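**Q** The structure that follows is given in the form of structure tokens.
The values are calculated or read from the model by the stated rules, or taken from the named source; none is laboratory data. Bear in mind the structure is a predicted one, so any value in this text is a computation, not a measurement. All Cβ positions, glycine included, derive from the backbone under ideal geometry; neighbour counts span all protein chains shown. In case anyone asks, the SASA skips ligands and DNA or RNA and just uses the protein heavy atoms, side chains included. Shrake-Rupley method; radii C 1.70, N 1.55, O 1.52, S 1.80 Å.
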Amino acid sequence: MKRTIAMLTSSVPTPRSAIVTGGSSGVGVALVAALLKADSDSSIFVTGTTPLGQTALHKLLTEDEYYSKHADRVHYSTGDTGDEAVVLRQFTEATNFFAKRGLEQ
């Protein structure tokens with residue numbers, strides 16, 4: 001049986017949060033798109049090495065009518081996740097983003 005992102009995430013209680021690394025293009029953007037469609041309350045923190053304005057994610061969130069309405073549920077952070085200092089900065093950014101979205105624990 002072929003499984004979809006919606007099927008895999010349907011048993012997770014809402015509100016949902018996700019961290020997507022490598023989310024500036026390709027599979028990462030597809031995952032962000034699927035998560036946004038699967039749950040109207042999801043919050044998604046995305047990392048990538050390319051500045052947001054140059055990414056397929058930016059194009060999706062600004063040019064597509066559905067996704068542009070939900071762009072506030074996505075936070076993008078530029079940096080190399082192979083660099084420990086960058087990861088620590090992004091962890092703080094993600095924590096703050098999720099807290100602002102009401103997802104603090």
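**Q** Filter the range 65-74 for residues that are of a type in the set (D, E, K, R) and open to solvent by 60 Å² or more (accessible area, probe 1.4 Å); which is nearest to the chain's Cα centre (by Cα)? Full working, then the answer.
**A** Taking the range 65-74 first, the residues of a type in the set (D, E, K, R) are 65, 69, 72-73.
Restricting the remaining residues to those that are open to solvent by 60 Å² or more (accessible area, probe 1.4 Å) gives 65, 69, 72.
Values: 65: 18, 69: 15, 72: 10 Å.
Going through the qualifying residues, I end up with 72.
**Q** Look through the range 96-105, keep the residues that are open to solvent by 70 Å² or more (accessible area, probe 1.4 Å) and closer than 25 Å to residue 59 by Cα, and return whichever of them is modelled with the lowest pLDDT.
**A** Only one residue tops the list, namely 101.
**Q** Out of 81, 62, 55, report the one residue that is over 13 Å from residue 20 (Cα atoms) and either crowded, with 17+ Cβ neighbours inside 10 Å or at pLDDT below 95 (or both). Talk me through it step by step, then tell me what you get.
**A** Working: 81 fails: over 13 Å from residue 20 (Cα atoms); 62 fails: either crowded, with 17+ Cβ neighbours inside 10 Å or at pLDDT below 95 (or both).
Answer to the selection: 55.
**Q** Still on this structure, please answer the following. Which residue is farthest from residue 49 (Cα to Cα), if the candidates are limited to the range 90-103 and must be in contact with a Ser or Thr (Cβ under 8 Å, 6 or more places away or on another chain) and not hydrophobic (A, V, I, L, M, F, W, C)?
**A** Among those that are in contact with a Ser or Thr (Cβ under 8 Å, 6 or more places away or on another chain) and not hydrophobic (A, V, I, L, M, F, W, C), it is 101.
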